[in-house]
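Have a look at the structure below before the remarks.
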Amino acid sequence: MTHTMPALVLNGPGDVHLAEKPIPTPGRGEVVLAVEATTICGTDLRIISGEKTTGVRPGVTLGHEIAGRIASLGEGVEGLTVGQQATVSIVVSCGTCRACLAGREHLCSHCELIGYGIDGGLAPWLCVPARAVARGNVIPVASEMPANRLALAEPLSCVLNGHRRHGGVNPGETVVIIGGGAIGLLHTQLNLACGAGQVILCEKHADRRDRAAAMGAVTTSPDHLVEVVAERTDGFGADLVIVAIGRNELAEQSLDLAAPGGRVSWFAGFPKGSTATITPNTVHYQELTVSGGSNARRADVHRAVEMLGRGDIDEAPIVTHTFGLSQWTEAVDAVRGHAGVKIAIDPRH
């Protein structure tokens, strides 16, 4: 009987490969998940390339958008059952710093992230540390769903956090979303479900525009965004503008697209250390509210799992390809090359 498993390991910036790691056995307070799907996002690409290094541990197993099933429980674990479908809240916070005490555990001064500093889901099994289990980071699913749908709980939880940060959407409002990748499409579905009057999605790839249009969005290429927003709002601007691509020039453009008294969400992460030029008087005289959204709380993951379980969010237009773990290079190339939208890896194959 084999005692090792393949895992996609980051040795250092730009140095990623499949390695053999021991199949985990849960110690006291730990939970082992059998991973059924892990989806890849742009952050994974930045970690793999070395562009992102903060909180990333050399030797870590990558993967943080995880769907699995509880395989075994360590001594003392209560409230969870072997065989339950489950995901994990990847933010392992301390619970005692000022951010945690203020209800902002995802901004914890001492947080560790699964798939960054703690071994993640690009392996057949994942051991959740006791400190994370004790804080409720293992989140079981009430009603079974496809693994590729459950894997969206992590990105959807981040979208829900950003949605809360910018104040949500009111019935009938106009929402502009810049970027039609997985995050932009999740924002599209969420805002339409919450009663937005119209969602205008800007995306350069025609295939992604088609997916957003099928969800009910008005779509445009970047070249026509300004005129489409003006036409659809009688020149007034959008009540809410969400930036879902980390390009610096979009900081200024998003302010220009907002209506007087509007909200702007800089949801995407921008290049580390970069700066953007904006006209602050646009914020001042138009009385705009600008917010950021980074990561998510356990409560957001619970809400995401509930929404996915009810079918409020449809994963089919978003998770477009599935690869085996042995095909990880093809999977990463598919993400880089914008083949489809969200790419899943089934680490059992």
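The values are calculated or read from the model by the stated rules, or taken from the named source; none is laboratory data. Not measured: the values here are computed from a predicted model. Cβ sites come from the backbone with ideal geometry, for glycine too, and all protein chains shown count toward neighbours. Note: areas computed on protein heavy atoms with side chains; ligands, DNA, RNA excluded. Shrake-Rupley method; radii C 1.70, N 1.55, O 1.52, S 1.80 Å.
Here are the numbers for the structure shown:
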| item | result |
| --- | --- |
| From the options ILE278, ILE345, residue that is open to solvent by 40 Å² or more (accessible area, probe 1.4 Å) and more than 15 Å from the chain's Cα centre (by Cα) | ILE278 |
| Residue check for ALA217: over 21 Å from THR322 (Cα atoms), touching a strand residue (DSSP E or B) at 6+ places or on another chain (Cβ under 6 Å) and without any contact (Cβ under 8 Å) to a residue 24 or more places away in the chain | no |
| Selection within the range 85-121 - more than 23 Å from GLU306 (Cβ to Cβ), of a type outside the set (Val, Ile, Thr), out of contact with any strand residue (DSSP E or B) (no Cβ under 8 Å at 6 or more places or on another chain) and in a loop (DSSP other than H, G, I, E, B) | CYS94, GLY95, CYS97, ALA102, SER109, HIS110 |
| Test: residue in the range 281-300 that is more than 29 Å from ALA251 (Cβ to Cβ), in contact with a Phe, Trp or Tyr (Cβ under 7 Å, 6 or more places away or on another chain) and in contact (Cβ under 8 Å) with a residue 60 or more places away in the chain | no |
| Top-ranked residue of the range 198-226 - restricted to ones that are farther than 24 Å from ASN248 by Cβ and among the small types (Gly, Ala, Ser), ranked as most open to solvent (accessible area, probe 1.4 Å) | ALA214 |
| The range 17-62: number of residues that are open to solvent by 20 Å² or more (accessible area, probe 1.4 Å), assigned to a strand (DSSP E or B), among the hydrophobic types (A, V, I, L, M, F, W, C) and touching a helix residue (DSSP H, G or I) at 6+ places or on another chain (Cβ under 8 Å) | 1 |
| Checklist (1) in a strand (DSSP E or B); (2) more than 26 Å from VAL341 (Cβ to Cβ); (3) without any contact (Cβ under 8 Å) to a residue 60 or more places away in the chain applied to ARG69, failing item | (2) |
| Matching residues, the range 176-210, being assigned to a strand (DSSP E or B) and either more than 20 Å from the chain's Cα centre (by Cα) or free of Cβ contacts under 8 Å to residues at least 40 places away in the same chain (or both) | GLN198, VAL199, ILE200, LEU201, CYS202 |
| Qualifying position, being open to solvent by less than 40 Å² (accessible area, probe 1.4 Å) and within 26 Å of ALA334 (Cβ to Cβ), among GLY195, GLY179, GLY237 | GLY179 |
| Selection count where residues are β-branched (Val, Ile, Thr) and open to solvent by 10 Å² or more (accessible area, probe 1.4 Å), scope the range 147-167 | 0 |
| Unique match (being over 16 Å from the mean Cα position of the chain (by Cα) and in a loop (DSSP other than H, G, I, E, B)) among GLY262, GLY235 | GLY235 |
| Long-range neighbours under 6 Å by Cβ, at least six apart or interchain, first residue in contact (Cβ under 8 Å) with a residue 40 or more places away in the chain within the range 41-63, second surrounded by 21 or more Cβ atoms within 10 Å (Cβ to Cβ) and among the small types (Gly, Ala, Ser) | THR61/ALA7; THR61/GLY120; THR61/ALA123; LEU62/GLY115; LEU62/GLY120; GLY63/GLY115; GLY63/GLY120; GLY63/GLY121 |
| Residue check, HIS106 of a type outside the set (Ser, Thr, Tyr) and open to solvent by 60 Å² or more (accessible area, probe 1.4 Å) | no |
| Enumeration of residues in the range 305-342 that are open to solvent by less than 20 Å² (accessible area, probe 1.4 Å), outside any loop (DSSP other than H, G, I, E, B) and over 25 Å from VAL9 (Cβ atoms) | VAL305, MET307, LEU308 |
